[in-house]
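S.K.: The structure under discussion is supplied below as structure tokens; questions concerning it will follow.
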Amino acid sequence: MPSMKKLLFFFISLFALHSVAVNKENKLQNNSPENIITGKLESFIKEKKFQPDEVLMYPGINSKPLKTKLTELVNESAKDFMQVAASNPSDESYQIKIKAGLERFNTYYSELSSEDLDRIYHYFEQLIEIVGLKNPGNYLKKWRYG
């Protein structure tokens, strides 16, 4: 009959090997494409929006209520993209979300300058890039340029 020390050593070793395997599996799951995209979208949501940007020659929005509302709408589109990324993502499902997201801005369209519209366009380009959408469709350009 094996000694207690050997038996204890065997079970501790078995437990340690199991822990290593579980940790490795969790790391692989955490680095899945969906999790990477979700992380990037979460970072995008946390960014301040409609701030002056010299690189884009964007002056920003001075109206705090309008800036708040437009930021909510952009972030809502990012959340839509997160939902698509978590399911079975396809170009078509992202295109539907692009269209729906841009339609949310239609209420404010007359209040926005061409710079504001370009900024919204750029935010959607960022979202498209984050998810790696190969065919964003033509709705974004149609919305912006008619």
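S.K.: Near Phe44, within a Cβ-to-Cβ distance under 13 Å, what is the net charge of the other residues, with Lys and Arg +1 and Asp and Glu -1?
M.R.: That works out to -1.
S.K.: To make sure I understand, if each residue's beta carbon is the centre and we count other beta carbons within 10 Å, what order do Arg119, Arg104 fall in, fewest to most? Numbers along the way, then the final one.
M.R.: On the way: Arg119 22, Arg104 16.
Arranged by neighbour count, lowest to highest, Arg119, Arg104 become Arg104, Arg119.
S.K.: According to a simple spin-label model (label point 7 Å from Cα along Cα-to-Cβ), what is the distance in nm between Tyr121 and Asn106?
M.R.: Between Asn106 and Tyr121, the label points sit 1.9 nm apart.
S.K.: Shifting gears a bit: Just grab the label-to-label distance for Asn135 and Asn35, each label 7 Å out from Cα along the Cβ direction, in nm (one decimal).
M.R.: It works out to 3.1 nm between the two label points.
S.K.: Also: Within 10 Å of each candidate Cβ there may be at most 12 other Cβ atoms; applying that plus a DSSP loop requirement, which GluC sites (Glu not before Pro) in the stretch 54-117 survive?
M.R.: Glu54
S.K.: Non-local amide H neighbours of Gly60 (under 5 Å, H modeled in plane, Pro and chain starts lacking H): which ones?
M.R.: Close amide H contacts, sequence-distant or interchain: Asp53.
S.K.: Whose amide H sits under 5 Å from the amide H of Leu133, counting only residues 5 or more places off or on another chain, with H placed in the peptide plane?
M.R.: Distant-sequence amide H within range of Leu133: zero hits.
S.K.: Express in nm, to one decimal, how much length is gained between Tyr145 and Gln51 on full extension, taking 0.36 nm for each residue of separation and deducting their alpha carbon distance.
M.R.: 31.6 nm
S.K.: Related question: Going by Cα centres, the stretch 71-91 and the stretch 93-133 are how many Å apart?
M.R.: Cα centres, the stretch 71-91 to the stretch 93-133: 12 Å.
Laboratory data are not the source of any read-out in this text; all were calculated from the coordinates shown. These numbers were taken from a predicted model, which means no experiment stands behind them. Glycine also receives a Cβ, built like all others from the backbone with ideal geometry; neighbour counts cover every protein chain displayed.
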